[in-house]
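These notes are about the structure you will find just below.
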Amino acid sequence: MNDLRAVAFDAFGTLIRTRSGAADSFRVTLETLGYAVTEHVMGALQAAAEGLEHRDRSGTRDAYMAWAESTSQRLRRGDPLDGDVAQAVIPCLEELHQVPMAAFDDAQTAIDRVVGTGLRVAVCSNFGWDLRDALDSAELRVPADASVVSSAEAGARKPHPKIYLHVAEKLECSPSQVAFVGDSYRCDVEGPREVGMRSVWLARNAGHPASQPPDEAAAQNLHEALDLLGVAASGET
Ligand SMILES: [Mg+2]
């Protein structure tokens, strides 16, 4: 596709998933700390963290870890899940309680396809500081020159514009030269578009959520997403 220079993938739910297949490890962690955690509470915690800018917490890995540790202490103390605690719970769990990850079956071949067509790769996720280590532990080979951006390091969580602009900056591309692919319609489709990126929604095994416009094309897997972006299949040039 004209002027496309890079493809940015979301990580969780797009390239990697929990090794156990269980998606509720954060809820279980909170329950072991004594909180009664309904689906509504988990949704409220996710909403409280969505789009959060936390640049003052993200200057260094040590500073970010200190924020996670202090939140963890407050949780162990039983502080109510509101206000700034609510905003910090999901980032804290991502940093301190992330469970082992495995790659989706199509993740490696999709990354290889992007590289094979001469495009740059980025990974951009609301995630703890060591996103590249998580990708490595999932045995995903991400190119050394890939732009790997976690919210922890960027100081802002999707769909805050700063995290997408940080990706483009690291790629030395303008946003219009970057295509974003991911499983969250708000964070991986709408957010990138708001800064001028193109994007494709990945709907693995899912119907269209109510928030998705009916005329929006959805990809069932990563290769369909790359097809929609016009990235040549392996062997094509
Ligand atoms: Mg995701």
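Put simply, the amide H of Phe127, placed in the peptide plane, has neighbours under 5 Å in Ser151, Ala152, leaving out anything fewer than 5 places away on its chain. The relative contact order of segment 67-208, computed from alpha carbon pairs under 8 Å that lie at least 6 residues apart in sequence, is 16 percent. Note on segment 90-144: with charges restricted to the Cβ of Lys and Arg (+1) and Asp and Glu (-1), its dipole about the Cα centre is near 280 debye. Working ranking of peptides 115-126, 38-49, 75-86 by packing, defined as the average number of other Cβ atoms within 10 Å per residue, highest first, is 115-126, 38-49, 75-86.
Rounded to the nearest whole Hz, the Karplus-based 3J(HN,Hα) values (6.51 cos²θ - 1.76 cosθ + 1.60, θ = phi - 60°) of segment 56-61 follow the sequence 5, 9, 10, x, 9, 4, with x at glycine and proline.
Per-residue 3J(HN,Hα) values for segment 170-187, derived from phi via the Karplus relation 6.51 cos²θ - 1.76 cosθ + 1.60 with θ = phi - 60°, read 5, 7, 6, 10, 7, x, 5, 9, 10, 10, 10, 10, x, 8, 9, 4, 5, 8 Hz in sequence order (x marks Gly and Pro). Charge dipole (Cα centre; +1 on Lys/Arg Cβ, -1 on Asp/Glu Cβ; no other charges) of segment 25-96 amounts to roughly 180 debye. Our helix-only sum for the chain, with -39,500 (n - 2.57) per DSSP H run of n ≥ 4 divided by its residues, gives a mean residue ellipticity at 222 nm of -11500 deg cm²/dmol. Antiparallel as a % of all DSSP beta bridges within the chain, to the nearest 5? Counting DSSP beta bridges with both partners in the chain, the antiparallel share is about 15 percent. Amide H contacts of Ala8: Ala122, Ala179, Phe180, Val181, each under 5 Å away and 5 or more positions distant or on a separate chain (H built 1.01 Å from N in the peptide plane; Pro and chain starts excluded). Based on the convex hull around the alpha carbon atoms, the chain presents an average projected area of 12.6 nm². Dividing the mean sequence gap of close Cα pairs (under 8 Å, 6+ apart) by how many residues the chain holds gives a relative contact order of 25 percent.
None of the figures in this text is laboratory data; all of them are computed from the coordinates on show. Not measured: the values here are computed from a predicted model. Reconstructed Cβ throughout: ideal geometry from the backbone, glycine too, with neighbour counts over all protein chains shown.
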